[in-house]
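Enquirer: What follows is a single structure, and I will ask about it in a moment.
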Amino acid sequence: MTASGSMDPVTPYYALGPDAVLDALERLGFRCDGRLLALNSYENRVYQVGLEDAEPVVAKFYRPGRWTDAAILEEHEFALELTEHEIPLVPPLVIDGRSLHRDGAFRFAVYPRRGGRAPELDRREHRVWLGRFLGRLHAVGAVGEFRHRPRLDMTLGREAVEEIRARNLVPAFLVESYLSTVETVFSRIQQAWNRGSGVPWIRLHGDCHPGNILWTDAGPHFVDLDDTLSGPPIQDLWMLLSGDRAEMTVQLVDILEGYEDFFEFDPVQLHLIEALRTLRIMHHAAWLARRWEDPAFPQAFPWFGEPRFWEEHVLSLREQAALLDEPPLIV
């Protein structure tokens, strides 16, 4: 906290020590047993909290200033809606009619603890199962709309470049190359967007990488909707693909085998895969730039402050520009 009592944007979690976490849960009615385990999260702070005579819960403290209350509640409402349709994910607990709670300067939600292992994406049966899972999720996502969550479009890339330029993070000898490369990339992304026009934007998971999927004997479930947004359905599929073009084609065919049991897939979306991948690369660099003054980030990502990172970033964008010129996958 600052001297005036407001939240310090550079170190927003400075006051969130173990006692503060446990006190927040106790005030909400939980009987904590003192066990506290910090889970892997940089954007928010997430803790497994032990309880007396009950299974542990997971408390997620939202980064101050990132989302409005309305945007967080819309995330929670979507999670609860999916759960009502028996789609396996971990929704927030509703306590005294509320899913979003406040303790001092912090907003937080509490979740039941759910374990699991990473999906084995090299197994065809796992890919088909994930396809069915996502098809069901998108069938629900398509029947409503967000009013307070972001919309996935080229603005994501433009804002990323503005963030990086404003912080003067690109080494002077790379600035001209970086700026010319991003303009080339934006031109290619716009062309891909034009080819993929007409795809309906629906409510999505938004950050569907394997780390956000846990697998049990009962199948997969999601554990995080923090980045839920509106966008083309392919956004929730392409992050499950890896390898060369032939390998990704096989993987996508398997995913779509299960997916189309529940939701129709428009193949025009295939034009958007590399555009979306490029926007994610740009957004990730801007996210690190935006959080660089948070002490946790230089410790976790020390390579970000080195010129080599920016050399590799420019190279990856050039590679993406070339990929954006290639024909889409054919399934």
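Enquirer: Dipole size in debye (nearest 20) for segment 33-112 around its Cα centre, Lys and Arg Cβ +1, Asp and Glu Cβ -1? Before the final figure, lay out the partial values.
Expert: On the way: 8 positive and 14 negative charges, 107 e Å.
Around 520 debye, computed over segment 33-112.
Enquirer: Right, something else. log₁₀ I(q)/I(0) of segment 33-112 at q = 0.15, 0.27 Å⁻¹, via Debye over equal Cα point scatterers, no solvent, to two decimals?
Expert: Log10 of I(q)/I(0), two decimals: -0.57, -1.42.
Enquirer: By how many nm would the segment from GLU159 to HIS209 lengthen if fully extended, with 0.36 nm per residue of separation less the alpha-carbon distance?
Expert: On the way: separation 50, 0.36 × 50 = 18.00 nm, distance 2.24 nm.
Length difference between fully extended and current span is 15.8 nm.
Enquirer: Moving on. When the dipole is taken about the Cα centre of the chain, and only Lys, Arg (+1) and Asp, Glu (-1) are charged at their Cβ, what size is it in debye, to the nearest 20?
Expert: Details: 34 positive and 51 negative charges, 101 e Å.
Charge dipole, the chain, about its Cα centre: 480 debye, nearest 20.
Enquirer: Between LEU51 and residues 5 or more places away or on another chain, which pairs have amide H atoms under 5 Å apart, with H built 1.01 Å from N, and which residues are they?
Expert: Long-range HN contacts for LEU51: ASP33, VAL57.
Enquirer: Please list the non-local residues whose amide H lies under 5 Å from the amide H of GLU43, H modeled 1.01 Å from N, same-chain partners needing a gap of 5 or more.
Expert: none
Enquirer: ASP244 versus LEU37, label points 7 Å from Cα toward the beta carbon: distance in nm?
Expert: Going from the ASP244 label point to the LEU37 one covers 4.1 nm.
Enquirer: Sticking with this one: For segment 220-235, just list the computed ³J(HN,Hα) in residue order, Karplus coefficients 6.51, -1.76 and 1.60, θ = phi - 60°, integers in Hz, with x standing in for Gly and Pro.
Expert: With coefficients 6.51, -1.76 and 1.60, one gets x, 8, 8, 10, 8, 10, 4, 9, 4, 7, 9, x, x, x, 4, 4 Hz.
Enquirer: Here's another thing I want to ask about it. Quick check: pseudo-label points 7 Å beyond the Cα along Cα→Cβ at LEU80 and ALA15, how many nm apart are they?
Expert: Modelled inter-label distance: 2.8 nm.
Enquirer: Can you give me the long-range amide H partners of ILE202? Hydrogens built in the peptide plane at 1.01 Å from N, cutoff under 5 Å, separation of 5 or more residues or another chain.
Expert: Those lying under 5 Å, H to H, from ILE202 are GLY231.
Enquirer: So what is the 222 nm mean residue ellipticity for the chain from helices alone, if each DSSP H run of at least 4 adds -39500 (n - 2.57) and you divide by all residues, rounding to the nearest 500 deg cm²/dmol? Could you put the intermediate results ahead of the total?
Expert: Details: 10 runs with 137 residues, N = 331.
It comes out at -13500 deg cm²/dmol, rounded to the nearest 500.
Enquirer: So how much slack lies between ASP217 and SER187, counting 0.36 nm per residue of separation and subtracting their Cα-Cα distance, in nm?
Expert: Working: separation 30, 0.36 × 30 = 10.80 nm, distance 4.53 nm.
Stretched out fully, the ASP217 to SER187 stretch lengthens by 6.3 nm.
Enquirer: What ranking, highest mean first, results for peptides 32-39, 75-82, 245-252 when packing means the other Cβ atoms within 10 Å averaged over each residue? Each step should come with its number before you reach the end.
Expert: Numbers: 32-39: 13.5, 75-82: 19.5, 245-252: 15.6.
Going by the mean number of other Cβ atoms within 10 Å, highest first, we get 75-82, 245-252, 32-39.
Enquirer: In Å, what is the Rg of the alpha-carbon atoms in segment 198-273, and how long is Dmax?
Expert: Using the Cα atoms of segment 198-273, the pair Rg, Dmax is 12.7, 38 Å.
Quick note: the coordinates plus some simple rules give every number you see, no bench work behind them. It should be emphasised that the depicted structure is a prediction, and the values quoted were computed from it without experimental measurement. Note that each Cβ is placed from the backbone with ideal geometry, even for glycine, and that neighbours are counted across all protein chains shown.
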